[in-house]
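Q: Below you will find the structure I want to go over with you.
Every number here is computed from the coordinates shown, using simple stated rules; none is lab data. Values in this document were obtained by computation on a predicted structure and should not be read as measured data. Using ideal geometry, Cβ is built from the backbone for each residue, glycine included, and neighbour counts are taken over all protein chains shown.
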Amino acid sequence: MNLERLLTQLGGDEGRRKKPYRDTVGKLTIGVGRNLDDRGLRDDEIDLMLKNDVAESIGECRRLFRMFDSLSAVRQEVLVNMMFNLGFSRLAGFRRMHAALEEGNFVEASRQMLDSKWASDVGARADRLANAMRTGAF
């Protein structure tokens with residue numbers, strides 16, 4: 001069997017889609033014919049996507065927060081967690097938290113995290129992350 005030829009054929013026959021779509025029989029599909037309704041994802045595929053998404057979130061945090069690399073590991077994790085959840089545009093809207101971080105005022109940054117719609121949306125997650133931002137420990 002010529003695996004490369006088969007992969008090329010399948011890519012041509014099935015198409016290559018980066019976003020989910022409904023196939024001709026209504027199944028949620030992604031990539032090269034991956035039927036998410038029936039097959040879903042394997043754990044190793046989920047882990048790969050998570051690692052890629054976290055790497056992207058770290059890069060976005062470095063772009064948004066000049067001081068990111070000078071923060072403790074715990075505080076970096078808090079910001080990456082928020083970036084992962086909110087995305088760049090929404091996290092950029094936390095201007096008072098950002099200003100507090102620039103001043104090294106982690107108590108105020110924590111306060112600003114909790115004074116948001118995001119905090120009410122995610123509940124205990126916000127409480128845990130704000131506490132970690134304030135104390136520097138999980």
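Q: Sequence gap at least 6, Cα distance under 8 Å: using those rules, report the relative contact order of the range 43-135 to the nearest whole percent. List each step's numbers first, then the result.
A: Details: 75 pairs, mean separation 21.8, N = 93.
Reported as a whole number, the value is 23 percent.
Q: May I ask for the angle, rounded to the nearest 10°, between helix 43-64 and the longest principal axis of the chain, with both axes built from Cα atoms and the value confined to 0 to 90°?
A: With rounding to tens, the tilt is 40 degrees.
Q: Right, here's the next one. Could you state the angle between the C-alpha long axis of helix 124-135 and the longest principal axis of the C-alpha atoms of the chain, as a value from 0 to 90 degrees rounded to the nearest 10?
A: Tilt relative to the chain: about 50 degrees.
Q: So which trypsin sites (Lys or Arg not before Pro) in the range 50-115 end up in coil per DSSP with only 13 or fewer other C-beta atoms within 10 Å? All intermediate terms of the calculation are to be shown ahead of the outcome.
A: Numbers: sites: LYS51, ARG62, ARG63, ARG66, ARG75, ARG90, ARG95, ARG96, ARG111; in loops: ARG66.
Loop-located and lightly packed - ARG66.
Q: If you build a Gaussian network model of the chain, linking Cα atoms that sit under 10 Å apart, which residue out of ALA124, ALA100, ALA109 swings the most?
A: Result: ALA124 has the largest fluctuation of those listed.
Q: Shifting gears a bit: Using the crude model of +1 on Lys and Arg Cβ and -1 on Asp and Glu Cβ, and no other charge, please compute the dipole size for the range 14-114 relative to its Cα centre, in debye to 20. Provide the component values of the computation, followed by the final result.
A: Details: 18 positive and 16 negative charges, 87 e Å.
In total the dipole reaches around 420 debye.
Q: Give me the aspartates and glutamates in straight-line cross-link reach of LYS117: C-alpha distance below 15 Å, same-chain residues under 8 apart excluded.
A: ASP127
Q: Using θ = phi - 60° and the Karplus relation 6.51 cos²θ - 1.76 cosθ + 1.60, list the HN-Hα couplings for the range 65-78 in order, rounded to whole Hz, with x at every Gly or Pro.
A: Result, ordered by residue: 10, 4, 8, 3, 5, 8, 6, 5, 4, 5, 5, 4, 4, 4 Hz.
Q: Among [x] 40, 16, 13; [y] 24, 19, 11; [z] 29, 15, 12, only one was calculated for this model; which label is it, if the read-out is semi-axes √(5λ) of the Cα gyration tensor in Å?
A: So the structure-derived entry is [x].
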